[in-house]
Amino acid sequence: MLTHAPRPLRNCTPTSLLLLLTIWLGLFCWTGPLPAQFHFKDYGPRPRLTPPDAILARAVQLVDAQTGEVLYARNPDERLLPASTTKLMTALIVYEKLGGMKGNVTIEEDDRAEPSNIPVVPGETISVNTLFHALLIESANDSARALGRSVAGSTPAFVGMMNERALALGLFNTHFNNPNGLPAPAGTHFTSCADLMVIFRHVLQYPDLVKILSTKEYTIQTASGVHNLRNHNRLLGMYPGMGPAKTGWTVASRHTYACAVTQNGRTLLLTLLDSPDKWRDAQILFNWGFAQTGSEHVPDGAAER
């Protein structure tokens, strides 16, 4: 009976065997395409910059923090859904009313909120400092309700304070229905990029809030356990110079964003609403913005759609 022996490998050296083994292991362990990588500014003498009109956001405003000059704008006054960037106004009012982050809050049943939360437990006492960290890092909706109620007596009363402050700041394209940005009846909760920029700049006046908004991780302990808060800002620690920021997202609002970046002593501020991908849009705008000097920029409103 004839038998067939395996044909020997030709020129089978240890190096080639190692190469074959590496390829085989790679195919065996591969689980799909690699995640998208962040692409930063080309700092060469002739940078290849993506033009700002390539962004997909419905509305943006890019401002030089030092001069107040609007470097780029698209539909800056259009009323759109702010999602969790709403919490910037909540933080601003509570911080000013309390004169900082001192004190404690006893949690009530009405403070509970989904989906992003600590979660709080009715009857427990949580420090204002802890609630602020949960509010601005983890974007906890229950923290927003607890902090607002603590200074106004009730959530509806605090929402009234939010709308009064908006009017006092001249924000006529802003109205709030709740302190956290969760979905609300149509036409009751909105802001514009220009109005959100005003709120963001007021928040940035307080170093305590700037520090929290720039914190990547923070651990708290409440009645519901130990919680490691993680900043939702994916560009923090990834994009050069990324500083304080507040993110937001709901199905209806899509991506929203208020953020600041500093490079070489120059700070740019960005507010962005209704984007399918705020990470891409923000990088395009900051890359382009830092490349502009003096009057070489798109005038305010020139790129509106």
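Odds and ends about this structure:
- Anisotropy class of segment 246-285 from Cα gyration tensor, a/c 1.5 cut: prolate
- Rg/Rh, computed from the Cα trace of segment 43-193 with Rh as the Kirkwood radius, has the value 1.06.
- Carbon + sulfur, % of accessible area of segment 62-204 - ligands and nucleic acids excluded, 1.4 Å: 53
- Per residue, the accessible area of segment 47-86 comes to 40 Å², computed with a 1.4 Å probe over protein heavy atoms only.
- Computed on protein heavy atoms with a 1.4 Å probe, the accessible areas place His175, His202 in the order His175, His202, largest first.
- For segment 148-305, the fraction of alpha-carbon pairs lying more than 20 Å apart is 59 percent, rounded to a whole number.
- Calculated FRET value between Ser224 and Glu164, using beta carbons and R₀ = 35 Å, to 0.05: 0.60
- By the rule of a C-alpha distance below 27 Å, with chain neighbours fewer than 8 residues away ignored, the lysines paired with Lys87 are Lys97, Lys102, Lys211, Lys216, Lys246, Lys278.
The values are calculated or read from the model by the stated rules, or taken from the named source; none is laboratory data. None of these values were measured; they are calculated from a predicted model. Please note: Cβ atoms are built from the backbone with ideal geometry, for glycine as well, and neighbour counts cover all protein chains shown. Heads up: the accessible areas ignore ligands, DNA and RNA and are worked out on the full protein's heavy atoms, side chains in. Shrake-Rupley method; radii C 1.70, N 1.55, O 1.52, S 1.80 Å.
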